[in-house]
Each structure stands twice: as C-alpha cells, then as structure tokens.
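Visitor: Submitted below is the structure of interest, expressed as structure tokens.
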Amino acid sequence: MKERVLMLAWEYPPRIIGGLSRVVWALSKELANQGLDVHVVTADHPGTPEYELDGLVHVHRVKTQTDTTPDFVTWVSKLNVGLLQYAIKLHMQKPFDIVHAHDWMVTDAAWVMKTGFGIPLVSTIHATEAGRMGGNIHSDMQRYVNQMEWRLTFESWKVIVNSKHMFWELSNHFKVPHDKISIVPNGCDPSHFDFEFDPTPVRVHYAAPHQKIVLFVGRLVNEKGVQIMLQAAPMVLSHFPGTQFLVVGTGYFMDDLRGQAHALGVDHNVRFLGYVSDYDLVRLYKIADVVCIPSLYEPFGIVALEGMAANVPVVASDTGGLRDFVENGVTGVTTYTGNAQSLAWGMLEVLRNPEYADHLRKTAYEKVHSIYNWKSIANATREVYAQVLEEKAGKDKEVKALASTK
C-alpha cells in the first residue's frame with residue numbers, strides 16, 4: 001500500500017527560517033522518491049503558489065495574515081487554523097495514514113488531525129526551548145513554548161529526534177519514555193557539492209590569495225556562538241594576519257555582533273554577508289579553509305555535515321548533537337564549548353597543518369557519504385512509520401475484539 005503522509009511544518013523552501021526547512025524538504029523528497037504519497041502543508045511565502053508539485057512532493061501553502069497579526073503566538077494560532085482547514089480538506093479527499101509534525105508550532109493542527117480522525121501522530125522535535133535557554137525557562141513566552149513542546153511529545157505515538165543529545169534532552173526534561181523516542185539523524189546531499197569549480201573568481205571577492213578564510217553559517221542568535229568566534233579572531237589573526245571571517249546568516253544578534261567585531265578591532269576581517277542563496281552558499285563552502293561551528297547549544301549541527309560534504313575541515317564545539325559525528329582528530333576538531341582560546345586553538349590546528357586538515361577532510365567526506373545520506377534517513381523514518389502503523393493495527397484489533405464480547 002502506498003502510505004499517504006501529512007507533513008506539517010511552519011517552514012518549507014523557499015521559506016527558510018532555520019535548518020528545519022531544509023530537513024523537511026529533503027526528507028519529504030526522498031520519502032516521495034521511495035513511493036510514499038507525501039503532502040506538505042505549510043505557511044505561505046511571498047511569490048510562491050498555494051499548491052505546487054515539488055518533484056513528487058505535494059506542497060500546500062496556507063495564508064497566515066502576517067500583516068494583521070499582533071504577536072508571534074497569535075500568528076502561530078492563525079497558522080494552525082489554516083493548516084488544519086487545509087489538512088481536513090485533503091483528508092476528506094483521501095484519508096492520510098500518518099501525520100508527521102515538525103516542532104511545536106504545528107501542535108494544535110496535528111492534535112486535531114490525530115484526535116478528530118484517528119490518524120497516528122509522529123513528531124520530530126528538532127530543538128527545545130529549554131535547551132536553547134540553557135535550561136532556564138523564565139518568561140511567559142518561554143513557558144508557553146515549553147508547554148507546547150511537551151504536549152506534542154505527549155500526544156505523539158512516536159517522537160523522532162536527530163541525535164543522542166536530543167534523546168536524553170527529551171527523556172530528562174519532558175520524561176518521554178525511552179521506547180517512545182527514535183533517533184533518526186539529519187542528512188546531507190553530497191551531490192550538491194560535487195561539481196567542477198574554479199574557486200579563484202569567487203575567492204578574490206573575499207580574500208587575497210595568501211589570506212585564509214573561516215566560514216560560519218547559521219542564524220545570528222546567542223546559542224550559535226558567533227560571539228565566541230569573534231573573541232577567538234584576534235588569536236587567529238596573530239598567527240595568520242589577514243584571515244577573513246565570513247558570517248552567513250541573519251538574526252537578532254547581528255547589530256551586537258557588528259559592535260563586538262568593532263570593539264575587538266577585527267571589523268576589517270569580519271564580513272557579515274546576511275542571507276545568501278543556495279547557489280552562492282555551496283561556493284562559499286568550497287572557498288573556505290575552515291568551517292567554524294562555535295555553538296553553545298546544537299541539537300544536531302547540519303552545517304557540520306555540509307562542511308564535510310564540501311570537503312572542508314570542520315572545527316566545532318564539543319556540544320549537543322555535534323558529538324555524534326564530529327570526532328576529534330578523525331572527522332574534525334572539537335573544542336571546549338564557549339571557550340574562545342580553545343576555539344582559536346582548533347582553527348589554528350587546521351590552518352597550520354595542511355596534511356592534518358587533508359586527513360580530516362577525507363575521513364569526514366567518507367562518513368557523510370556512507371551514513372548521513374537522505375536515502376538511509378528516509379528508510380529509517382519509514383521504519384518508524386511502519387512500527388506505528390503495525391502497533392495501531394494491533395490496538396484496533398484489540399478494541400474490536402473487546403467490543404465484540406460485550
């Protein structure tokens with residue numbers, strides 16, 4: 001039977017807020033390639049159609065009325081109303097077998113589809129508010145998000161997480177039973193980086209031939225740790241003058257980081273590039289000498305995989321999900337979390353030792369190809385679906401047998 005999957009997510013390309021968007025996109029496409037009937041219902045985005053067939057994936061976008069929404073919670077509530085209305089319409093046309101919800105923003109719509117139509121719910125928790133806040137939940141907004149995350153895990157038949165770190169985070173913080181959690185890592189498509197490319201015309205825009213390039217990619221928020229990289233920059237520059245630090249991404253921390261770079265006297269060596277297209281991003285990876293991931297909190301760390309797939313040495317904090325695949329001295333260099341001196345040491349280890357950097361690149365590239373490919377990840381996700389459907393069939397059979405005895 002061709003399983004029909006309702007994928008609920010608040011972002012899907014070209015709407016890209018964080019890593020969730022690309023994960024949902026890649027997973028949905030591979031599930032569809034493997035024969036599942038996948039329908040993504042998501043928020044709209046300027047210039048996109050209400051419906052499109054993205055490869056074999058059916059993408060449905062709902063209006064969210066951002067211009068009349070007073071705050072984020074209200075926006076999320078309106079989004080869920082739209083998601084639910086669209087999902088019900090699709091379900092009435094042909095029933096769904098699985099609802100797969102991605103993060104707390106779609107909890108309400110997922111819950112109604114589960115309880116109203118008896119569709120088993122699988123959720124993926126990509127990160128938690130408690131994790132982002134270092135375990136400190138103080139504000140009303142933080143408590144609200146925390147409660148919604150707990151509710152989604154409670155209501156789900158199975159909860160997917162992307163790393164061992166997230167397994168224990170949900171187990172300890174939300175008391176989710178171990179047998180309810182499945183670890184399915186995120187992935188990367190190395191083919192995006194496998195093309196002939198002359199780096200010189202791109203590189204000259206950012207650095208002189210003798211200068212090194214350190215690349216950061218991610219949201220400019222506190223937990224991504226760009227401030228630690230900036231603190232480490234003077235130490236790197238003392239050994240490699242002229243090194244250029246390229247910062248790709250947007251976020252609320254942008255102005256603070258610019259001010260910090262100026263205060264440290266490295267503003268001429270740090271370039272904030274903002275949002276860049278996928279076309280440009282893969283080329284930035286290819287001209288980099290180091291991909292730096294200075295995260296304070298990182299549930300998985302897909303940028304590390306992208307760096308590995310692009311054949312660039314990775315220097316990362318020894319934290320969260322990064323520990324699952326950035327192995328010090330094997331697939332990258334790990335450094336003490338939140339420690340600028342350690343981070344500078346890690347970058348210098350790579351920049352000073354070309355043979356060592358080459359060893360890291362080759363080992364990491366092989367690991368991405370063999371383990372963190374989307375075909376394997378989609379297979380693992382399908383196994384979760386199959387287990388849920390088998391268990392549900394057994395429960396339904398028990399209920400039917402019990403009813404027949406009355």
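Here, each number is a calculation from the coordinates, and none is a lab measurement. Small disclaimer: the values here were computed from a predicted structure and weren't measured. Cβ placement follows ideal geometry from the backbone for every residue including glycine, while neighbour counts extend to all protein chains displayed.
Visitor: About its Cα centre, how strong a charge dipole does the stretch 190-370 have in debye, to the nearest 20, once Lys and Arg get +1 and Asp and Glu get -1 at the Cβ?
Guide: On the way: 13 positive and 19 negative charges, 55 e Å.
Roughly 260 debye, rounded to the nearest 20.
Visitor: Still on this model: Kindly express, to the nearest 10 degrees and within the range 0 to 90, the angle between helix 19-33's C-alpha long axis and the longest C-alpha principal axis of the chain.
Guide: 60
Visitor: Then there's this: Say the dipole of the chain comes from +1 at the beta carbon of Lys and Arg and -1 at that of Asp and Glu; which of V388, L351, L8 then lies farthest toward its positive end?
Guide: Going by the Cα projections, it comes out as V388.
Visitor: Moving to a separate point now. Return the sequence-ordered ³J(HN,Hα) values of the stretch 251-268 in whole Hz as given by the Karplus equation 6.51 cos²θ - 1.76 cosθ + 1.60 applied to θ = phi - 60°, using x for Gly and Pro.
Guide: x, 5, 8, 4, 5, 4, 5, 4, x, 5, 4, 5, 5, 7, x, 10, 4, 7
Visitor: In terms of modelled amide H atoms, which long-range or inter-chain residues lie less than 5 Å from the amide H of T243?
Guide: K212
Visitor: Using the Cβ atoms and a cut-off under 12 Å, what net charge is assigned to the surroundings of H205, where Lys and Arg are +1 and Asp and Glu are -1?
Guide: Values: positive: R203, R271, R283; negative: D280.
Charge balance in the 12 Å sphere: +2.
Visitor: Right, here's the next one. What is the distance, in nm, between label points placed 7 Å from the Cα along the Cα-to-Cβ direction at Q387 and at I16?
Guide: Those two pseudo-labels are separated by 3.2 nm.
Visitor: Let me ask another. Give, rounded to the nearest 20 debye, the magnitude of the charge dipole that the chain has about its Cα centre when Lys and Arg contribute +1 at Cβ and Asp and Glu contribute -1 at Cβ. Don't skip to the end; give the middle numbers.
Guide: Numbers: 38 positive and 44 negative charges, 147 e Å.
Once rounded to the nearest 20, the dipole reads 700 debye.
Visitor: For E398 and D194 in the same chain, what is the full-extension length gain: residue separation times 0.36 nm, less their Cα-Cα distance, in nm?
Guide: Values: separation 204, 0.36 × 204 = 73.44 nm, distance 5.19 nm.
Net length gain for the segment: 68.3 nm.
Visitor: For every other residue with a beta carbon closer than 13 angstrom to the beta carbon of T115, add +1 if it is Lys or Arg and -1 if Asp or Glu, then tell me the sum.
Guide: Numbers: positive: K114, R151; negative: D108, E155.
Summing Lys and Arg as +1 and Asp and Glu as -1 gives 0.
Visitor: Sticking with this structure for a sec: Subtracting the Cα-Cα distance from 0.36 nm times the residue separation, let me have the gained length for E52 to Y144 in nm, one decimal. Walk me through the intermediate numbers first.
Guide: Working: separation 92, 0.36 × 92 = 33.12 nm, distance 3.34 nm.
Using 0.36 nm per residue and subtracting the Cα-Cα distance, I get 29.8 nm.
Visitor: I need the phi-derived Karplus couplings for the stretch 330-343: 6.51 cos²θ - 1.76 cosθ + 1.60, θ = phi - 60°, integer Hz, Gly and Pro marked x.
Guide: In residue order, the calculated couplings are 10, 10, x, 10, 9, 10, 5, 5, x, 10, 5, 5, 5, 5 Hz.
Visitor: Which of the following values of Rg and Dmax of the Cα atoms in Å was calculated from the structure shown: [x] 20.3, 68; [y] 22.3, 83; [z] 24.6, 104?
Guide: [y]
Visitor: Given a cut-off of under 8 Å on Cα pairs at least six residues apart, what relative contact order in percent is computed for the chain? Working shown, then result.
Guide: Working: 718 pairs, mean separation 54.3, N = 406.
In percent, rounded to a whole number, it is 13.
Visitor: Here's something else I'd like to know. Please turn the phi angles of the stretch 282-297 into ³J(HN,Hα) values with the Karplus equation 6.51 cos²θ - 1.76 cosθ + 1.60 (θ = phi - 60°), one per residue in order, whole Hz, x for glycine and proline.
Guide: Result, rounded to whole Hz: 4, 6, 5, 4, 6, 9, 7, 8, 8, 9, 9, 10, x, 4, 8, 9.
Visitor: Take the Cβ-Cβ distance between V73 and K175 as r, set R0 to 22 Å, and report the resulting FRET efficiency rounded to the nearest 0.05.
Guide: Numbers: r = 25 Å, r/R0 = 1.14.
So the FRET efficiency works out to roughly 0.30.
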